[in-house]
1. So for each of 61-73, 112-124, 3-15, 22-34 I average, over its residues, the number of other beta carbons within 10 Å; can you give me the resulting order with the highest mean first?
2. Hey, what D do you get for the chain in µm²/s if you plug the Kirkwood alpha-carbon radius into Stokes-Einstein at 10 °C and 1.306 mPa s?
3. Against the longest principal axis of the chain, how steep is helix 121-131, in degrees 0 to 90 to the nearest 10, with axes from Cα atoms?
4. On a 20 Å Cα-Cα criterion, which of the cross-link pairs K72/K118; K72/K110; K53/K76; K54/K121; K53/K121 come out too long?
5. Short version: ³J(HN,Hα) in whole Hz for each residue of region 61-67, in order, from phi by Karplus 6.51 cos²θ - 1.76 cosθ + 1.60 (θ = phi - 60°), x for Gly and Pro, what are they?
6. Give the residues of region 41-69 whose amide nitrogen is closer than 17 Å to a point set 7 Å from the Cα of E97 in the direction of its Cβ.
7. Using a Gaussian network model of the chain with C-alpha springs under 10 Å, which one of G109, G56, G35 is most mobile by mean-square fluctuation?
8. How far is helix 137-147 tilted off the main Cα axis of the chain, in degrees rounded to 10, range 0 to 90?
Amino acid sequence: MKCPYCGHMKDRVVDSRESRLGDSIRRRRQCLNCGRRFTSYERIDEIPYMVIKKDGGRERFDRTKILNGLLKACEKRPVSMTQLERIVDQVEQRVQENPEREMESAMIGKIVLSELRKLDKVAYLRFASVYMEFEDVSQFMTEINELFEPKAHGET
């Protein structure tokens, strides 16, 4: 650690304390050349989880965005916040399990759709209509028909 006063490269740690949140360590140091004290902070440098958008751009993974989409799809539906949080947790876990620390937004949408399909068919259709970007009523009707054909998806 370089002394901010004299530039000397050697010091000794006088005191170390963990931050209240436990996400950093505060160290009081004393320069071995000039004797002045200074503080340094040690933090984990995390690589953020990323989402690859349809246009190829990348942005940080944001749980809130997924939850907001789910809240809109489930508005006035008998779906609890606990159920929605569980879906968001599953998506986040899948992103974190990916060794590249990133996932395509299309894959995230598929995970959400798969979980909504089991949870609430109306919410599923609402989410699908935005996610799949239906261009006309026939595409919407096709999705409705597939949703209620149990044999096609192994449902009873």
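The numbers here are math on the coordinates, done by the rules we state, and not lab data. Owing to the predicted nature of the structure, the values given are computational and were not obtained by experimental measurement. When we count neighbours, we look across all protein chains shown, and the Cβ atoms used for this are built from the backbone with ideal geometry, even at glycine.
1. Highest to lowest by the protection proxy: 112-124, 61-73, 22-34, 3-15.
2. Numbers: Rh = 19.6 Å.
Approximately 81 µm²/s, per Stokes-Einstein.
3. 70 degrees
4. Working: K72/K118 17 Å; K72/K110 17 Å; K53/K76 29 Å; K54/K121 25 Å; K53/K121 26 Å.
Among K72/K118; K72/K110; K53/K76; K54/K121; K53/K121, the Cα-Cα distance tops 20 Å for K53/K76; K54/K121; K53/K121.
5. Running phi through 6.51 cos²θ - 1.76 cosθ + 1.60 with θ = phi - 60° gives 5, 9, 4, 4, 4, 5, 4 Hz.
6. Inside the label zone: 50.
7. So, out of G109, G56, G35, the one fluctuating most is G35.
8. That works out to roughly 90 degrees.
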